Amino acid sequence: MNLFKRKNYIPLTPRTEAVQSPKRDAEVVMEEPIIPDGMWVKCRHCQKLIYKKEMDEYQICPKCGGHFRIGALDRIAITCDEGSFVEYDASMESKNPMNYPSYEKVLDKAREKSGTKEGIICGRCKIDGYDAVIAVMDSNFMMGSMGSVVGEKITRAIEHATEMKLPIVIFTTSGGARMQEGIISLMQMAKTSAALRRHSEAGLLYITVITDPTTGGVSASFANLGDIILAEPKAVIGFAGRRVIEGTINEKLPDDFQTSEFQLEHGFIDKIVDRREMKSTLSRLFKLHGLKGGLE
Amino acid sequence: MKTAAEIVAESRKVQRPTSLEFIAEIFDDFIELHGDRAFADDKAVVGGIASLKGMPVTVIGVQKGHTVAENVERRFGAPNPDGYRKTIRLMKQAEKFNRPVITFINTMGAYPGVGAEERGQGEAIARCLFETAGLKVPVISVFIGEGGSGGALALAAGDKVWMLQYGMYAVLSPEGFASILWRDPTRSGEAADLMKLTAKDLLANGVIEKIIPEPEEGLENNLKFTTDILREELYDELTNLCAKTTEELLEERYERFRKFGEFNN
Ligand SMILES: [Zn+2]
């Protein structure tokens, strides 16, 4: 430990933080994801244009090592042992509980854009030979927002894991609660957290992998409840939206605010893991928890 | 009959009685307890021990102010992580001494500040939900004013959730909803209608179990009208919940939230 480093650290907020009237809806983030389109994609980390064919299945920038957002199916492909993934509840679809105008159209568009039926894919798989339940969110589907289907699929996946005495790994990426489903979306936070409580009381392992971005209601429920919380580098992780906070305090926030590195520094994640190391990190953790089924 | 927009305005009214006023009217012997034992005493959340018709209970409430000075001190009733951690501490303390917990909710949501993010606002709310799910004593929550998103839910994940006649509870504000749906925050009245955020709507979809009536002359003019009802209702319901075994209590609490969701399978 370098004590002098600590001394130079200037806290963003003094203890007596000036109180401004807070803006409502701090946790609602409606940001468009970066969708790789065509032959070239722009890296959000180094701003350089990257020739798509230069990127492998990990979707990491060859120029700066920055992690691109990755869809749920691609994530499963780099995480689960080949042919081991068995999907749960593949056909589950949202209803329109609030009669939100044109919600069906919004959902259709999201399905087209993401190639998935909803904002999450769950199932059972093997990871380096270890049996696990896995849930993977997809930011291409309405910014990974959590409505009835996301909440129900996660809850069922957790309940399966509890029943089968398996560990669960949840890859999070979400802008928060899905406002088109109103208060029912909010209830999913309590529902998933309660299911995790039972999984935890059964003495089972829950690993969260936080990926870019994870904010709002998902950060205020299952994303922050892992026994071990891993994160990809430079992911945005936080509760309130950056712009809402900037609006409240009336100043610009530093670039590293609410990044994985910021969260590590403040004690809210256990480890930052490069995407290429994620699978082996998970299986090492499984092994250290005495789980059965490893490859050796 | 008030419109949804009128109810939203009523729930936010600066004269509307706050948690501490409800506590003073309903309970005897309230002793306020301070701090989260980690960082601070968040003035946006108050809590302590009190007697409900002779029954010792733990009481926790989100606290707004009536004046600008009070609101600055109470952060307009928008809790920091320290407030949620104080809530968890008092709930665990209640569990140890086998006291039921009553929470009062009146918040636009968790505070969106730099310090709040540095100290893990998301983690604090998540931990409230997680701890409430396993708490071995009954928890009843009452929305006395405004209820906004995860910052409100954190105190309302227990056995029964009630709401005053002119309370509200939504995933985001009608203004926010209108600006996202129509890019026009001035259409918040229309949004309020669509959002099903009134006590009547929430009772119909099972988000709350009971509506507590308010006096015709306005809550701020006759708080006793409502607190007299609330005192009896709380006492009866807690007596009922305390008669259950821990297993029954926790199973019913789990099912209470498990049922939410509308999907085709
Ligand atoms: Zn790059």
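The values are calculated or read from the model by the stated rules, or taken from the named source; none is laboratory data. Model, not experiment: these values are computed from the prediction. We place every Cβ from the backbone using ideal geometry, glycine too, and count neighbours over all the protein chains shown. These accessible areas exclude ligands, DNA and RNA; they are computed on the full protein's heavy atoms, side chains included. Shrake-Rupley method; radii C 1.70, N 1.55, O 1.52, S 1.80 Å.
A:CYS64 fulfils the conditions (1) in a loop (DSSP other than H, G, I, E, B); (2) within 16 Å of the ligand (Cβ to nearest atom); (3) surrounded by 16 or more Cβ atoms within 10 Å (Cβ to Cβ); (4) not charged (D, E, K, R) except for a single criterion, (3). Of the residues examined, A:ARG69 is not one that is under 19 Å from the mean Cα position of the chain (by Cα) and more than 16 Å from the ligand (Cβ to nearest atom). Of the residues making up region B:81-135, those that are more than 7 Å from every other protein chain (Cβ to nearest Cβ), assigned to a loop (DSSP other than H, G, I, E, B), open to solvent by 10 Å² or more (accessible area, probe 1.4 Å) and of a type outside the set (D, E, K, R) number 2. Of B:ARG183, B:ARG187, all but one fail to be at positive phi and either more than 10 Å from every other protein chain (Cβ to nearest Cβ) or open to solvent by less than 30 Å² (accessible area, probe 1.4 Å) (or both); the exception is B:ARG183.
A:ILE120 - would you say it is of a type outside the set (D, E, K, R), in the same structural domain as A:SER91 (by TED's automatic domain parsing), closer than 21 Å to A:THR215 by Cα and in contact with a helix residue (DSSP H, G or I) (Cβ under 7 Å, 6 or more places away or on another chain)? Considered against the rule, which asks whether it is of a type outside the set (D, E, K, R), in the same structural domain as A:SER91 (by TED's automatic domain parsing), closer than 21 Å to A:THR215 by Cα and in contact with a helix residue (DSSP H, G or I) (Cβ under 7 Å, 6 or more places away or on another chain), A:ILE120 comes out as yes.
Each residue in region B:69-95 was checked for being closer than 18 Å to B:ARG119 by Cβ and aromatic (Phe, Trp, Tyr), and 1 of them qualify. When B:ALA243 is tested against (1) closer than 25 Å to B:ILE88 by Cα; (2) within 14 Å of chain A (Cβ to nearest Cβ); (3) modelled with pLDDT of 95 or more, only condition (2) is not met.
In the set A:SER91, A:SER84, A:SER174, only one residue is surrounded by 19 or more Cβ atoms within 10 Å (Cβ to Cβ) and either closer than 23 Å to B:TRP182 by Cα or in contact (Cβ under 8 Å) with a residue 12 or more places away in the chain (or both); that residue is A:SER174. Among the residues of region A:101-111, those that are over 17 Å from A:ASP74 (Cβ atoms) and not small (Gly, Ala, Ser) comprise A:PRO101, A:TYR103, A:GLU104, A:LYS105, A:VAL106, A:LEU107, A:ASP108, A:LYS109. Taking region B:144-237 and the helices (runs of 4 or more DSSP H) fully enclosed by it, the elements with 1 or more residues that are over 15 Å from the mean Cα position of the chain (by Cα) are at B:174-181, B:188-195, B:199-204.
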